[in-house]
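A.B. asks: Next up is a structure, given as structure tokens.
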Ligand code: ADP
Ligand code: MG
Ligand code: MG
């Protein structure tokens, strides 16, 4: 697709000036990351990787993604309450995928014990790519929905200012008006604050459950500081700290270091590597507790790729929206082809279809965090190896979405300053709070555009592939 900024990309002298303007603007706005070398110190920091210019996104598709977000919030929340569906959808997966099986085991334990907290807080991000069809039309297609640790809402609140400044210096101020305002920080904090308020204990705290290596801490800090500004006490703790010092008190209240925890906000815990046997115990402790969990274990499971694939079956969305055909239509419009690899004829057909034309598909395991999907020749190899065994049910198959490439420059510490052909992925942040049967909050609170070079099939910002970007609505 032609970028309205193409003339700048050809102007080498201007680009050279703009690079330091861009990096300094990011630093001044707090679009920051710690370095790989010193992930746990704030002595030396750098700008978070970002594009030099915003990338074109058709306004109607941007609006469509915004509008369907409240439907997706309801969908995820309803799935999380449907034990029969989760059991069925994940039955084959948990037989072969240990990670999902562990999550499911905790889910069953919590169910058996009975819910200790009727308040549910969801902070998710539904991600899309804009598929450029053979007919020349572009359509919004969902890549996945992240129901745990969906990041970058903090940093994305400040990137519009950075891009607008760059455009101004490049004598393109007018283009800056096409970058939409964005403030997921506020919306995410609104959700957490609401859940904290409803927990109804002034002295209780919000706990961010964080990684051992905290490169992306500033993204969290924006949300933390927003909560502090509302006089909500926030603490950060790792799994190991919860293992060592976390406990349940009266009425299963969760305590750590003498503080009662009202809300646990997981920014960790979505990958097998995040866990040890002890840490699984800590996850169970938190799930059993009276604290509001974001997400709770059932909502975590509702975000698996297997569930996504089951939702694409005829009639399944109707189960969750029996009285709202319009919501079904809005959601379904964003689905691309998703195929089961369960044992049986249907799964056999999926295998044959993928092997016959691997470039049309993506093979996905039940993993998060980028870099796990399998493409092309590798896909054929994996499918050949697992096609006769139930191991294949650990994966799902998905149509490859093909956005139109756009030229941009990716600014990343140590990377050369060369324009590259890029693809973008648009995310929308969803926030909801439910108490028992009543939805008390359901909103779309902002967006995230991430862009990567076409050299890479896969990978997010944390994986070092994609970088932060902004839509330039057109
Ligand atoms: P994760 O949970 O690891 O982020 P995703 O489903 O988002 O898993 O896949 C990771 C990346 O792979 C995406 O950010 C996107 O770049 C690419 N990808 C995933 N699904 C598709 C698809 N159907 N078509 C094209 N690219 C895809
Ligand atoms: Mg994901
Ligand atoms: Mg993703």
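The values are calculated or read from the model by the stated rules, or taken from the named source; none is laboratory data. Just so it is clear, the structure is predicted and the values come from calculations on it, not from any experiment. Here the Cβ positions follow ideal geometry from the backbone for every residue, glycine too, while neighbour counts run over all protein chains shown.
A.B. asks: Tell me whether the stretch 277-293 contains one or more residues that are touching a strand residue (DSSP E or B) at 6+ places or on another chain (Cβ under 6 Å), in contact (Cβ under 8 Å) with a residue 40 or more places away in the chain and either in a strand (DSSP E or B) or within 16 Å of ligand 3 (Cβ to nearest atom) (or both).
C.D. replies: Yes, the stretch 277-293 contains a residue that is touching a strand residue (DSSP E or B) at 6+ places or on another chain (Cβ under 6 Å), in contact (Cβ under 8 Å) with a residue 40 or more places away in the chain and either in a strand (DSSP E or B) or within 16 Å of ligand 3 (Cβ to nearest atom) (or both).
A.B. asks: Right, next: In the list 46, 42, which residue meets the criterion of being surrounded by fewer than 21 Cβ atoms within 10 Å (Cβ to Cβ) and part of a strand (DSSP E or B)?
C.D. replies: Working: 42 fails: part of a strand (DSSP E or B).
One residue alone meets the criteria, 46.
A.B. asks: Against the definition (surrounded by 20 or more Cβ atoms within 10 Å (Cβ to Cβ) and farther than 27 Å from residue 433 by Cα), how does residue 361 come out, yes or no?
C.D. replies: Answer is yes for this residue.
A.B. asks: Restricting the first residue to the stretch 456-472 and requiring it to be at positive phi, which pairs with a second residue that is more than 16 Å from ligand 2 (Cβ to nearest atom) and not in a strand (DSSP E or B) meet a Cβ separation below 9 Å and a spacing of at least six or different chains?
C.D. replies: That search, which allows pairs on different chains as well, returns 464/36; 464/49; 464/412.
Yes/no matrix, rows are residues, columns are (1) crowded, with 17+ Cβ neighbours inside 10 Å; (2) within 16 Å of ligand 3 (Cβ to nearest atom); (3) part of a strand (DSSP E or B); (4) more than 19 Å from the chain's Cα centre (by Cα):
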residue	(1), (2), (3), (4)
393	yes, no, no, yes
409	yes, no, yes, yes
417	no, no, no, yes
442	yes, no, yes, no
449	yes, yes, yes, no
452	yes, yes, yes, no
457	no, yes, no, no
460	yes, yes, no, no
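A.B. asks: Related question: Please list, ordered by residue number, the helices (runs of 4 or more DSSP H) wholly in the stretch 316-377 having 2 or more residues that are assigned by TED's automatic domain parsing to the domain that holds residue 60.
C.D. replies: 316-320, 325-332
A.B. asks: I would also like to ask the following. Of these, 212, 190, which one is at pLDDT 95 or above, over 27 Å from residue 70 (Cβ atoms), in the same structural domain as residue 469 (by TED's automatic domain parsing) and under 27 Å from the mean Cα position of the chain (by Cα)?
C.D. replies: 212
Residues are listed down the side, and each one gets a yes or a no for (1) within 26 Å of residue 214 (Cβ to Cβ); (2) over 21 Å from the mean Cα position of the chain (by Cα); (3) part of a helix (DSSP H, G or I):
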residue: 25; (1), (2), (3): yes, yes, yes
residue: 36; (1), (2), (3): yes, yes, no
residue: 73; (1), (2), (3): no, no, yes
residue: 94; (1), (2), (3): no, yes, yes
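A.B. asks: Please indicate, with yes or no, whether at least one residue in the stretch 358-376 is away from ligand 1 (no atom under 16 Å from the Cβ) and either in contact with a strand residue (DSSP E or B) (Cβ under 9 Å, 6 or more places away or on another chain) or touching a residue at least 60 places away in the same chain (Cβ under 8 Å) (or both).
C.D. replies: So far as the stretch 358-376 goes, no, none of its residues is away from ligand 1 (no atom under 16 Å from the Cβ) and either in contact with a strand residue (DSSP E or B) (Cβ under 9 Å, 6 or more places away or on another chain) or touching a residue at least 60 places away in the same chain (Cβ under 8 Å) (or both).
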